[in-house]
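Report on one structure; see the data block that follows.
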Amino acid sequence: MRSKIVFRGQSEKNLKEVFEDFITSQTARGISDITIRSYRQHLHSISKHLDIETPFDELTKRQLEEMILSMRANGLAHNSIATYVRMLHTFFNWCNREGLTTLNIENIREKETIKETYSDEELELLLKRPGKKADFSEFRSWVIVNFFMNCGCRAATVETFRTVMLT
């Protein structure tokens with residue numbers, strides 16, 4: 001059975017245009033600028049595997065499944081695909097609430113990835129205080145590494161802190 005969008009008054013719009021309506025709605029709801037930027041970036045990545053100029057009323061579940069297959073065939077990581085699908089799931093949920101579609105896409109479970117950790121020797125090198133003749137960038141890097149090790153925050157937090165401190 002072919003799932004097709006049930007269209008109500010927007011038959012002229014393509015997927016990209018309906019997505020812009022979604023962005024407008026989310027912005028009006030107070031969704032953060034970072035999330036909105038992320039949605040736009042995800043749509044750009046998705047557009048490499050799904051024609052976002054497709055008329056919205058012609059989009060099918062089969063096309064969404066082929067998009068996922070295309071992503072896999074092009075070597076995208078499982079968790080990247082899961083992130084894109086999660087964003088589309090949010091988009092289609094909004095479309096459903098707005099009465100634009102009955103189409104949806106199920107989230108893909110992310111795979112737990114175990115990242116390689118530093119050896120004790122590598123950690124000792126990272127945590128060793130630079131000598132008195134070290135340049136600023138070496139000392140700054142040492143401070144950042146120690147900051148990460150002591151509080152466990154993410155790189156984005158350090159970047160935000162750095163940006164605030166420089167303004």
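The values are calculated or read from the model by the stated rules, or taken from the named source; none is laboratory data. The shown structure was predicted, so the numbers you read here are calculated from the model rather than taken from an experiment. Glycine also receives a Cβ, built like all others from the backbone with ideal geometry; neighbour counts cover every protein chain displayed.
Restricting attention to the range 53-65, report how many residues are under 21 Å from Glu110 (Cβ atoms) and surrounded by 14 or more Cβ atoms within 10 Å (Cβ to Cβ).
The qualifying residues number 1.
When the range 52-80 is filtered for residues that are hydroxyl-bearing (Ser, Thr, Tyr) and touching a Leu at 6+ places or on another chain (Cβ under 7 Å), only Thr54 remains. Inside the range 93-132, residues that are under 27 Å from Ala82 (Cα atoms) and small (Gly, Ala, Ser) make up a count of 1. Under the condition of being under 22 Å from Gln26 (Cβ atoms) and assigned to a loop (DSSP other than H, G, I, E, B), the residues counted in the range 61-107 number 10. Scanning the range 97-107 for residues that are of a type in the set (S, T, N, Q) and either within 19 Å of the chain's Cα centre (by Cα) or modelled with pLDDT of 95 or more (or both) gives Asn104, Asn107.
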